[in-house]
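Below is one structure, written out as structure tokens; the observations come after it.
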Amino acid sequence: MFHIVINSCCARTPEHCAYDFTVGWAGDMNPPSRTDFVSLTLTGQESGIYNNSKQWRRQSCWRKWKLLSRLQRNLILFTVALMLVCGIATNPSVTEHFRGLAVVAKEEGDHALKPVIHEVQPELDKLNRPLVPESPSEKQKRAAHKRGPPGLQNRLQKKGNVSDTQVEGEKTLVNWRVAMIDQATERRTAKEAANKVDVSEVEQEGHSHKEPEVDRLEAVRDAFRHAWKGYKEFAWGKDELRPMSKSYGEWFGLGLTLIDALDTMWILNLKKEFEEAKTWVSTELSFDKDVDVNLFESTIRILGGLLSTYHLTGDTLFLDKAKDIGTRLMPAFNTPSKIPYSDVNIGKGTAHPPRWTSDSTVAEVTSIQLEFRELSRLTQDTRYQAAVDEVMQKVHKLEGKQDGLVPMFINTNSGQFTHLGMFTLGARADSYYEYLLKQWIQGGKKETALLEDYLQALEGVKKNLLKKSSPNRLTFVGELSHGRFSPKMDHLVCFLPGTLALGAHHGLPAEHMELAKQLMETCYQMYAQMETGLSPEIVHFNMHEGSIGDVDVKLADRHNLLRPETVESLFYLYRFTKDRKYRDWGWEILQNFNKYTKVSTGGYTSINNVRDPEYPNPRDKMESFFLGETLKYFYLLFSDDPELLSLDKYVFNTEAHPLPIWPTAQ
């Protein structure tokens with residue numbers, strides 16, 4: 001590349017100017033070995049004398065400006081104006097001022113922003129497009145939304161199941177506060193008496209008055225009705241609601257949300273909604289479909305939900321449906337090792353492992369026992385219990401454990417653990433530990449091998465995974481990878497305080513309850529220390545002295561999926577201790593769900609960023625476990641009736657479906 005440089009030296013008048021033209025080489029590439037240039041000097045009648053006075057400089061600059069074309073002058077003026085506008089817009093004090101004006105306008109009923117939605121929404125409804133498209137990283141994480149294997153949902157879509165792609169990928173900009181969240185929920189600071197919150201008297205214009213009591217149980221019912229409204233209107237009979245786009249997503253095509261929520265509606269005494277769902281189960285639900293389902297997820301959500309609803313209602317419709325799906329899932333156990341495959345085609349009666357591996361996760365194969373054992377007890381068909389008991393017996397004897405902790409994967413051909421040396425109480429292993437204790441309780445506390453494995457595992461947790469954070473010394477459970485400790489804790493691990501408390505209630509050492517209380521505090525802080533008051537999916541705890549905060553959250557882990565584990569543990573801790581702080585913590589969390597995840601047209605949505613209260617970035621998806629677990633545990637937490645699903649009579653599966661504890665005579 002060549003450049004041309006024009007140097008001018010002007011005296012007082014244009015005719016006394018000299019101009020130098022220089023042609024040379026420029027650019028990032030290596031210059032030629034010899035520099036070629038041409039220099040041209042034009043001189044007027046007089047060479048003039050250089051004068052650096054202020055007057056001369058002003059005249060010189062003005063003449064240079066006048067020599068520019070009109071287009072050049074306009075471009076320069078436009079650039080300067082743009083820089084000024086950008087500088088003003090990025091000034092913090094200015095942006096805060098305008099943000100405050102926007103909030104005031106909203107509170108006073110200013111509807112100036114609504115035309116944005118009025119223009120966008122009709123076209124979206126017509127095309128059935130989501131307001132917030134799902135990113136590729138979100139698609140990769142969808143299959144891990146409970147405790148199943150990664151990538152399952154994508155596999156099922158490729159195999160011909162109804163896909164979510166019809167409602168993905170469109171980019172439409174909307175205003176978060178106007179389009180989605182119902183901001184009507186007010187913050188209330190109060191102390192509760194029993195189930196209701198008494199708000200202290202306040203003085204207003206010389207008059208004392210008392211605000212109405214807040215019925216927390218009714219608040220949970222309202223939340224359920226609102227979620228059900230969206231599901232009924234936009235996703236009836238489908239697996240999952242997409243509340244933002246007013247559409248639905250399919251996973252198995254079996255009405256997953258509806259079945260998962262059956263016993264919740266019964267417990268909340270929502271008779272109208274329950275009868276609507278029962279009619280659908282009676283007339284529409286069929287398992288005779290050529291579709292792949294995940295053994296674990298189908299067992300805990302569908303089989304567990306149907307069995308639980310049968311026990312609560314006594315209606316044999318639900319037992320018949322439970323027997324149907326249970327029988328269709330049995331081909332998963334036809335493996336060389338009797339460790340079940342992860343996927344089953346319930347129409348063809350075939351099963352297979354994931355396409356990318358012959359492994360199943362340990363949580364999958366060891367967290368289906370409560371449901372299949374109960375199915376055998378009710379039907380007097382021993383093959384269901386025999387299949388799942390054989391799995392537990394094999395895992396009990398396997399090598400590869402570390403102080404009772406199990407690896408995350410197990411091979412369906414060899415029956416051996418794989419990925420040795422990696423231990424976690426989070427995804428892919430968590431409910432193994434939960435079901436050790438709960439099977440022991442379910443069976444009348446007779447199966448000592450299950451209890452031994454549970455107690456040994458807890459000692460392994462204390463020895464290898466239990467640490468304290470800095471600066472506030474929060475107790476947390478990390479992970480171990482080939483002897484290297486990681487201070488990473490999934491929100492899924494927050495099942496552990498409740499499980500520890502349940503064990504202590506059933507006669508295990510009192511120190512289990514003390515550890516449960518410490519971990520409960522940590523799980524609450526995972527919510528309280530976030531700007532939205534909602535926990536991220538994963539946190540990393542700081543362990544170095546002098547740390548400013550206990551919790552660090554990576555960008556990829558800031559999503560909240562409406563998970564139940566913390567509320568679950570709050571329920572157990574309150575039921576056993578009667579300490580009202582656990583209810584208050586739960587009330588805070590429910591209010592934040594209402595504030596940041598409630599969709600005004602019906603339903604609740606998972607969000608991408610719990611650290612940004614201004615724009616939490618909705619995912620446009622309501623998981624079935626929000627109705628099946630989260631809201632159910634909220635209701636039980638706020639209930640004053642200790643006999644409502646007494647923990648001496650029922651044991652909850654990992655999807656919050658209560659199953660009866662067997663009579664001791666069995």
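The values are calculated or read from the model by the stated rules, or taken from the named source; none is laboratory data. Being a predicted model, the structure only gives us computed values, none of them experimental. Glycine gets a Cβ as well: all are built from the backbone with ideal geometry, and neighbour counts include every protein chain shown. These area figures cover heavy atoms from the full protein model, side chains too; ligands, DNA and RNA do not enter into them. Shrake-Rupley method; radii C 1.70, N 1.55, O 1.52, S 1.80 Å.
Where helices (runs of 4 or more DSSP H) fall wholly inside region 552-665, the ranges with 3 or more residues that are open to solvent by less than 10 Å² (accessible area, probe 1.4 Å) and either free of Cβ contacts under 8 Å to residues at least 40 places away in the same chain or in contact with a Cys (Cβ under 9 Å, 6 or more places away or on another chain) (or both) are 565-577.
Could you look through region 412-468, keep only residues that are more than 26 Å from the chain's Cα centre (by Cα) and aromatic (Phe, Trp, Tyr), and pick out the one that is farthest from LEU496 (Cα to Cα)? So the residue we want is PHE417. For the criterion of being out of contact with any Cys (no Cβ under 7 Å at 6 or more places or on another chain) and either under 23 Å from ALA219 (Cα atoms) or surrounded by 17 or more Cβ atoms within 10 Å (Cβ to Cβ) (or both), SER547 fails.
Just give me the residues in region 291-310 being more than 19 Å from PHE625 (Cβ to Cβ) and either assigned to a helix (DSSP H, G or I) or free of Cβ contacts under 8 Å to residues at least 60 places away in the same chain (or both), in sequence order. Scanning region 291-310 gives a single hit, TYR310. On the given criteria, is THR313 among the hydroxyl-bearing types (Ser, Thr, Tyr), open to solvent by 30 Å² or more (accessible area, probe 1.4 Å) and touching a residue at least 40 places away in the same chain (Cβ under 8 Å)? When the stated conditions are applied, THR313 passes them. Within region 452-475, the set of residues being in contact (Cβ under 8 Å) with a residue 60 or more places away in the chain and either over 21 Å from GLY421 (Cβ atoms) or open to solvent by 10 Å² or more (accessible area, probe 1.4 Å) (or both) comprises LYS463, ASN464, LYS467, LYS468, SER469, SER470, PRO471, ASN472, LEU474.
Residues being free of Cβ contacts under 8 Å to residues at least 60 places away in the same chain and touching a strand residue (DSSP E or B) at 6+ places or on another chain (Cβ under 9 Å) are entirely absent from region 502-511. What is the number of the single condition among (1) under 15 Å from TRP236 (Cα atoms); (2) assigned to a helix (DSSP H, G or I); (3) in contact with an Asp or Glu (Cβ under 6 Å, 6 or more places away or on another chain) that ALA277 does not meet? Of (1) under 15 Å from TRP236 (Cα atoms); (2) assigned to a helix (DSSP H, G or I); (3) in contact with an Asp or Glu (Cβ under 6 Å, 6 or more places away or on another chain), only one is false for ALA277: (3). The listed residues are HIS482, HIS506, and the only one of them that is more than 27 Å from the chain's Cα centre (by Cα), open to solvent by 60 Å² or more (accessible area, probe 1.4 Å) and either modelled with pLDDT of 95 or more or farther than 27 Å from GLN393 by Cβ (or both) turns out to be HIS482. Yes or no: SER569 among the polar types (S, T, N, Q) and over 24 Å from the mean Cα position of the chain (by Cα)? Taking the combined requirement at face value, the residue does not satisfy it.
Is one or more of the residues making up region 247-256 of a type outside the set (Phe, Trp, Tyr), part of a helix (DSSP H, G or I), under 15 Å from ALA227 (Cβ atoms) and out of contact with any Phe, Trp or Tyr (no Cβ under 8 Å at 6 or more places or on another chain)? Within region 247-256, one or more residues are of a type outside the set (Phe, Trp, Tyr), part of a helix (DSSP H, G or I), under 15 Å from ALA227 (Cβ atoms) and out of contact with any Phe, Trp or Tyr (no Cβ under 8 Å at 6 or more places or on another chain).
Checking each residue in region 257-274 for being open to solvent by 10 Å² or more (accessible area, probe 1.4 Å) and part of a loop (DSSP other than H, G, I, E, B) picks out only ASN269. With respect to ASP359, determine if the residue is of a type in the set (Asp, Glu), more than 21 Å from GLU452 (Cα to Cα) and free of Cβ contacts under 8 Å to residues at least 12 places away in the same chain. No, not satisfied.
Of the numbered conditions (1) open to solvent by less than 50 Å² (accessible area, probe 1.4 Å); (2) touching a Leu at 6+ places or on another chain (Cβ under 8 Å), PRO487 fails exactly one; give the number of that condition. For PRO487, the failing item is (2). Out of the residues in region 334-353 meeting the condition of being over 22 Å from TRP251 (Cα atoms) and touching a residue at least 24 places away in the same chain (Cβ under 8 Å), tell me which one is nearest to the chain's Cα centre (by Cα). Ranking the qualifying residues of region 334-353, first place goes to ILE339. Determine if region 440-463 includes at least one residue that is basic (Lys, Arg), touching a strand residue (DSSP E or B) at 6+ places or on another chain (Cβ under 8 Å), under 30 Å from GLU537 (Cα atoms) and modelled with pLDDT of 95 or more. No.
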